[in-house]
Amino acid sequence: QVKKQCDQKLLIRMKTKCVPCSLNLDTQCPAGYTKITNGTGIPDCRYYLEIKTHTLSFPGCRHRCVKELEHPECCQGHWGPDCMGK
């Protein structure tokens, strides 16, 4: 039995919105993503608050999230929608 389908795994990474670190404990990743950071996340961003005519910038935190996708692909030497071509 020759294997015709050789699916590739794709790892999609994203970061959540930057918020005050104290509020980041409960931040969830979007549906389908897995959170790979703990606690308050990573303090590597800034968030902004607009107060009347001024915009203030504060250090904040965000979480990293990943999602694994199977990308269907034919093995070498096969092609077509069902990978039957040789």
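The values are calculated or read from the model by the stated rules, or taken from the named source; none is laboratory data. Please read all numbers here as calculations on a predicted model, not as lab measurements. Counting neighbours? That spans all protein chains shown, and the Cβs are built from the backbone with ideal geometry, glycine included. Heads up: the accessible areas ignore ligands, DNA and RNA and are worked out on the full protein's heavy atoms, side chains in. Shrake-Rupley method; radii C 1.70, N 1.55, O 1.52, S 1.80 Å.
Among residues of segment 68-83 that are closer than 10 Å to Q5 by Cα and in contact (Cβ under 8 Å) with a residue 60 or more places away in the chain, those with a Cβ under 7 angstrom from a residue that is loosely packed, with under 11 Cβ neighbours inside 10 Å and of a type in the set (K, R), sequence gap 6+ or separate chain, pair up as C75/K3; H78/K86.
Restricted to strands (runs of 3 or more DSSP E) entirely inside the chain, those with at least 3 residues that are among the basic types (K, R) and open to solvent by 80 Å² or more (accessible area, probe 1.4 Å) are 8-15. The residues on offer are L11, L69, and the sole one that is closer than 30 Å to G85 by Cβ, touching an Asp or Glu at 6+ places or on another chain (Cβ under 7 Å) and not small (G, A, S) is L11.
Taking each residue of segment 33-48 that is on the phi > 0 side of the Ramachandran plot and looking for partners that are crowded, with 17+ Cβ neighbours inside 10 Å and of a type in the set (A, V, I, L, M, F, W, C) with beta-carbon atoms closer than 6 Å, six or more apart or interchain, yields G41/C61. Scanning segment 60-86 for residues that are within 20 Å of N24 (Cβ to Cβ) and touching a Phe, Trp or Tyr at 6+ places or on another chain (Cβ under 8 Å) gives G60, C65, V66, K67.
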